[in-house]
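The next block holds one structure in the form of structure tokens; read it before the comments.
The values are calculated or read from the model by the stated rules, or taken from the named source; none is laboratory data. As the structure is a prediction and not an experimental result, all values here were calculated from the model. Ideal geometry is used to build each Cβ from the backbone, glycine not excepted, and the neighbour counts take in all protein chains shown.
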Amino acid sequence: MRVLLSVGILFQGCNSAVKCRNDNGAEVDWYILYKYPNMDNRGLSYLYMDERTNGWILSTENINSASGTLANTLKPLLDFYDRKIEGFGYMLYSDQPPEPYVAPSSFGHSKGVVMLDKKTGVWLSHSTPKFPAYRKKAFWPSSGNANAQTFMCVTYSYDKFKEIGLQLKYIHAYSYDSEIPQTFHNELRCVAQRDCYPKKEPWSRVVTLTSSSGRNFLSFAKYKRFGDGKCLQSGHMF
């Protein structure tokens, strides 16, 4: 049993499971989802797009399906709820978090999921209140049913999450659930502990993030003081 366990841990370290995944569970570099608003009983249906689809396709799954794109992508997190996995970290942030959390107004208007190990990770940004549900396998909240919702997932190598942590600092993301190992990037740990936000100008940050497959994404982040009187008087152009 000890030998088998050791082999399993070694295998996990060499082959990262933390990647964006489609309805079939296959790895993808990035995807975008659009969940329909609740009209004509289509409120849980969604459109899907990635680098291989050549545009939007209608998923055969519902957004809350245990075998859909979101569930497949979140699987490392959902598995972690059952069994703590060494070398895995995550952070869930939202200005509309699930109960019992309430995000103070001083935090940024942003929502997302960060999951990573020492190989790869995903940054899943979205628009859904109370998503994902707090430490539940049933990750989809009813608060996401009525309105249209959007999701964008990108797979990045581990080293990119230092920059992602800095972007989340400028957003001043409200972390409502996290477990970031001590050996992971301090920039992520600081945001997860709600201790990080810009203390001086500039109040915004733009960075190019390169995905695991070499696709460049331009990330814009701004703190709440961006565009206030002091910033305008300084003459900075963003």
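For the range 152-184, a residue qualifies if it is more than 16 Å from SER219 (Cβ to Cβ) and of a type outside the set (Val, Ile, Thr), and the qualifying residues are TYR158, TYR174, SER175, TYR176, ASP177, SER178, GLU179, PRO181, GLN182, PHE184. Going by the conditions given, is GLN193 under 18 Å from ILE85 (Cα atoms) and either touching a Leu at 6+ places or on another chain (Cβ under 6 Å) or of a type outside the set (Ser, Thr, Tyr) (or both)? Considered against the rule, which asks whether it is under 18 Å from ILE85 (Cα atoms) and either touching a Leu at 6+ places or on another chain (Cβ under 6 Å) or of a type outside the set (Ser, Thr, Tyr) (or both), GLN193 comes out as no. Among what's in the range 91-140 and is small (Gly, Ala, Ser) and out of contact with any strand residue (DSSP E or B) (no Cβ under 9 Å at 6 or more places or on another chain), pick the residue that is farthest from ALA173 (Cα to Cα). Of everything passing the filter in the range 91-140, ALA138 is farthest from ALA173 (Cα to Cα). Here SER106 meets each of (1) surrounded by fewer than 22 Cβ atoms within 10 Å (Cβ to Cβ); (2) small (Gly, Ala, Ser); (3) part of a strand (DSSP E or B) with one exception, condition (3). Screening the candidates ALA148, ALA173, ALA192 for the property of being at pLDDT 95 or above, among the hydrophobic types (A, V, I, L, M, F, W, C) and more than 14 Å from the chain's Cα centre (by Cα) yields one hit, ALA148. Among the residues of the range 70-94, those that are in a helix (DSSP H, G or I) and either over 29 Å from PRO181 (Cβ atoms) or free of Cβ contacts under 8 Å to residues at least 60 places away in the same chain (or both) comprise ASN72, LYS75, PRO76, LEU77, ASP79, TYR81, ASP82. Of the residues making up the range 149-162, those that are within 23 Å of PRO202 (Cα to Cα) and crowded, with 18+ Cβ neighbours inside 10 Å are LYS160, PHE161.
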